[in-house]
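First the structure, in the form of structure tokens, and then the observations on it.
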Amino acid sequence: MIEQIALSRGHEIVAVIDIDNQEDFDSEAFASADVAIEFTSPTAAYGNYLKAFAKNVKVVSGSTGWMKEHGDDVRRLCTEGGQTLFWASNFSVGVAVFSAVNRYLAKLMNDFPQYSVRMEETHHIHKLDAPSGTAITLAEEIIGQLDRKQTWTKGTLTAPDGTVSGSVDCDDSALAIDSIRRDEVPGIHSITYDSEADCITITHDAHSRKGFALGAVLAAEYTLEHQGLLTISDMFPF
């Protein structure tokens with residue numbers, strides 16, 4: 001889908017690399033690329049960045065799960081090392097708007113401690129990580145605005161077969177993220193503020209992956225003209 005959108009916007013695909021042709025990282029075709037778009041796994045992403053940086057190819061990546069172990073090194077490479085990585089846990093334009101609403105709502109709710117806050121994310125059965133990278137990003141945004149929350153924690157996980165693991169209980173200073181895996185759901189993220197009086201919920205529900213793919217191509221276009229460690233807030237400064 002990324003390839004289709006890139007071509008429709010007048011771009012050229014000079015290389016496509018997967019697990020079966022890793023040697024193409026050393027090809028002239030790959031070295032000629034302006035930007036590489038990388039969506040893989042936590043175990044592969046960091047190595048892919050290094051291979052691209054070795055050819056001075058800028059990278060747009062939506063892979064999550066690598067930052068804890070390799071974040072400091074990637075930041076150094078994108079500052080002292082002069083490399084460029086546009087990283088985001090979600091490239092949807094709608095999610096970028098949703099994220100801005102999330103931050104603003106959390107800022108408002110900081111003055112109303114009678115509201116408890118909880119998150120829920122639903123994805124397709126093939127997704128390996130839980131909670132999702134997008135849910136974690138949204139949770140961190142809430143924590144940055146809400147004094148009564150200091151960290152996020154895994155809540156319950158509802159597996160494709162309906163079995164539930166984890167716990168509904170967590171420390172008052174923690175924001176629980178519940179995860180559901182079912183069918184082929186592209187991604188649903190909901191944030192709920194609940195009190196005895198009422199309940200406020202905001203939700204982003206992706207109809208397909210097209211929005212993510214378009215966002216990745218828009219990010220590549222942005223990255224071509226910019227340097228360093230970039231993210232959605234640079235491209236959409238809401």
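The values are calculated or read from the model by the stated rules, or taken from the named source; none is laboratory data. All figures in this text were calculated on a predicted structure; none of them were measured in a lab. So basically every Cβ, Gly included, is an ideal-geometry build from the backbone, and we count neighbours across all protein chains shown. Ligands, DNA and RNA are stripped out before the accessible areas are found, and what is left, the full protein with its side chains, is counted by its heavy atoms. Shrake-Rupley method; radii C 1.70, N 1.55, O 1.52, S 1.80 Å.
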Q: Output the residues belonging to region 114-128 that are touching a Ser or Thr at 6+ places or on another chain (Cβ under 8 Å) and either under 17 Å from residue 90 (Cα atoms) or among the small types (Gly, Ala, Ser) (or both).
A: 116, 119, 120, 121, 122, 123, 128
Q. Which residue pairs have Cβ atoms closer than 7 Å, lie 6 or more positions apart in sequence or on different chains, and pair a first residue in region 3-15 that is touching a residue at least 60 places away in the same chain (Cβ under 8 Å) with a second residue that is surrounded by 14 or more Cβ atoms within 10 Å (Cβ to Cβ) and aliphatic (A, V, I, L, M)?
A. 5/213; 5/214; 5/217; 6/217; 9/217
Q. Does residue 68 qualify as being open to solvent by 70 Å² or more (accessible area, probe 1.4 Å) and at pLDDT below 95?
A. yes
Q.
Is it the case, given these coordinates, that residue 87 is aromatic (Phe, Trp, Tyr) and touching a Pro at 6+ places or on another chain (Cβ under 9 Å)?
A. no
Q) For residue 96, which of the numbered conditions (1) assigned to a helix (DSSP H, G or I); (2) modelled with pLDDT of 95 or more fails to hold? A) (2)
Q: Just one of (1) within 19 Å of residue 110 (Cα to Cα); (2) crowded, with 17+ Cβ neighbours inside 10 Å trips up residue 189, so point out which.
A: (1)
Q) When the residues of region 203-235 are filtered to those that are more than 23 Å from residue 49 (Cβ to Cβ) and part of a loop (DSSP other than H, G, I, E, B), which remaining residue is most open to solvent (accessible area, probe 1.4 Å)? A) 207
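Conditions tested, residue by residue: (1) within 22 Å of residue 209 (Cβ to Cβ); (2) modelled with pLDDT under 95.
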position	(1), (2)
102	yes, no
106	no, no
114	no, no
117	no, no
120	yes, no
132	yes, yes
144	no, no
156	no, no
174	no, no
Q: Return the residue satisfying two criteria in turn: it lies in region 152-186 and is without any contact (Cβ under 8 Å) to a residue 24 or more places away in the chain and aliphatic (A, V, I, L, M), and of such residues it is surrounded by the most Cβ atoms within 10 Å (Cβ to Cβ).
A: 159
Q: Of all residues in region 1-18, count the ones that are farther than 10 Å from residue 217 by Cβ and either modelled with pLDDT under 95 or acidic (Asp, Glu) (or both).
A: 2
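Would you call residue 190 more than 21 Å from residue 90 (Cα to Cα) and modelled with pLDDT of 95 or more?
So residue 190 does not fit the description; no.
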Q) Can you tell me which residues in region 112-149 are open to solvent by 70 Å² or more (accessible area, probe 1.4 Å), assigned to a loop (DSSP other than H, G, I, E, B) and charged (D, E, K, R)? A) 147
Q. Restricting attention to region 23-49, and to residues there that are open to solvent by 70 Å² or more (accessible area, probe 1.4 Å) and assigned to a helix (DSSP H, G or I), which single residue is nearest to residue 213 (Cα to Cα)?
A. 43
